[in-house]
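Student: The structure that follows is given in the form of structure tokens.
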Amino acid sequence: MSVPQLRMESTKGQIGITTIQPVQEIEQQPADLEIQQQKTDLSIETTPGKLTIDQSQARADMDLKPISKRIEEFAQKGYSDWLDGLARMAQQGDELMKIENGGQPIADQAKENGEDPMLEFNIGFVPSPFSVKTNYEPAKVNIDWQVNKPIIEARINKPLHSYKPGEVHIDMKQWPSLRVDVAGQEIDQIK
């Protein structure tokens, strides 16, 4: 007796997966920045120094006087000499008035009026020491400044972002199958 033989042939199912990777792009633009720096306001005020030299005393010591000073001195000298002359004449008048008291008032007065007085001389410095007077007022400097703060304007730019999501496709690459044969006869194919 012959036993029928079954032959089975199967094919496994295969799944096919196709993946498209996601794409993400991020671009960050730098911020727009504007900076304005104004100049510092600076003001300088200077009062110049002042040097005063008074040499009028030194010039007077060297007999280089202005005419107004000479007129004044001559007037004072004339007035002083006039007073001295009055006093001398009054004194001599008193001496003559009292001639009876003795002595030689007329001869003494003639000698006194006829001779110049003896002049005295001493060592002198022309001009006299410290006759030139100086005065100095130093300069004054006033510095004022105003610092101006910078003007800063910043605009932030948003990032540019693009995103393309990925994709996954699943399909049957190979369908499963089962084939059964009985001793060379094909029965049915099962799918």
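The values are calculated or read from the model by the stated rules, or taken from the named source; none is laboratory data. Because the structure is a prediction, the values reported are computed rather than measured. Cβ placement follows ideal geometry from the backbone for every residue including glycine, while neighbour counts extend to all protein chains displayed. For the accessible areas, the whole protein counts, side chains as well, though only heavy atoms, and no ligand, DNA or RNA atoms are used. Shrake-Rupley method; radii C 1.70, N 1.55, O 1.52, S 1.80 Å.
Student: Could you tell me whether region 53-60 includes any residue that is part of a strand (DSSP E or B), touching a residue at least 12 places away in the same chain (Cβ under 8 Å), farther than 30 Å from Glu167 by Cα and touching a strand residue (DSSP E or B) at 6+ places or on another chain (Cβ under 6 Å)? Reasoning before the result, please.
Tutor: Pass one, region 53-60, residues part of a strand (DSSP E or B): 53-54.
Going one step further and asking which of them are touching a residue at least 12 places away in the same chain (Cβ under 8 Å), we end up with 53-54.
Imposing the further condition that a residue be farther than 30 Å from Glu167 by Cα reduces the set to 53-54.
Next, from what is left, pick out any that are touching a strand residue (DSSP E or B) at 6+ places or on another chain (Cβ under 6 Å): 53-54.
Yes - at least one qualifying residue is present in region 53-60.
Student: Next up: How many of the residues in region 115-155 are part of a loop (DSSP other than H, G, I, E, B), of a type in the set (S, T, N, Q) and at pLDDT 90 or above? Steps first, answer last, please.
Tutor: Here is the first cut: in region 115-155, the ones part of a loop (DSSP other than H, G, I, E, B) are 115-132, 138-139, 147-150.
With of a type in the set (S, T, N, Q) added as a condition, the list becomes 122, 128, 131, 148.
From what is left, the residues that are at pLDDT 90 or above are none.
So the answer is 0.
Student: While we're here: Based on what the data block shows, is Asp81 part of a loop (DSSP other than H, G, I, E, B) and open to solvent by 70 Å² or more (accessible area, probe 1.4 Å)? Steps first, please.
Tutor: Numbers: part of a loop (DSSP other than H, G, I, E, B): no; open to solvent by 70 Å² or more (accessible area, probe 1.4 Å): yes.
No: the conditions fail for Asp81.
Residue by residue, here is whether (1) in contact with a Pro (Cβ under 9 Å, 6 or more places away or on another chain); (2) in contact (Cβ under 8 Å) with a residue 12 or more places away in the chain; (3) aliphatic (A, V, I, L, M) holds:
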| site | (1), (2), (3) |
| --- | --- |
| Gln109 | no, yes, no |
| Glu115 | no, no, no |
| Met118 | no, no, yes |
| Gly124 | no, no, no |
| Pro165 | yes, yes, no |
| Asp171 | no, yes, no |
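Student: Continuing with this model, one more query. Looking at region 144-158 only, could you name the residues that are more than 15 Å from the chain's Cα centre (by Cα) and acidic (Asp, Glu)?
Tutor: Glu153
Student: What's the number of the condition Glu112 fails, among (1) among the charged types (D, E, K, R); (2) open to solvent by 70 Å² or more (accessible area, probe 1.4 Å); (3) on the phi < 0 side of the Ramachandran plot; (4) not in a helix (DSSP H, G or I)?
Tutor: So Glu112 meets the others, but not (4).
Student: Any residue in region 38-52 that is within 53 Å of the chain's Cα centre (by Cα), surrounded by 10 or more Cβ atoms within 10 Å (Cβ to Cβ), among the small types (Gly, Ala, Ser) and at pLDDT 90 or above?
Tutor: yes
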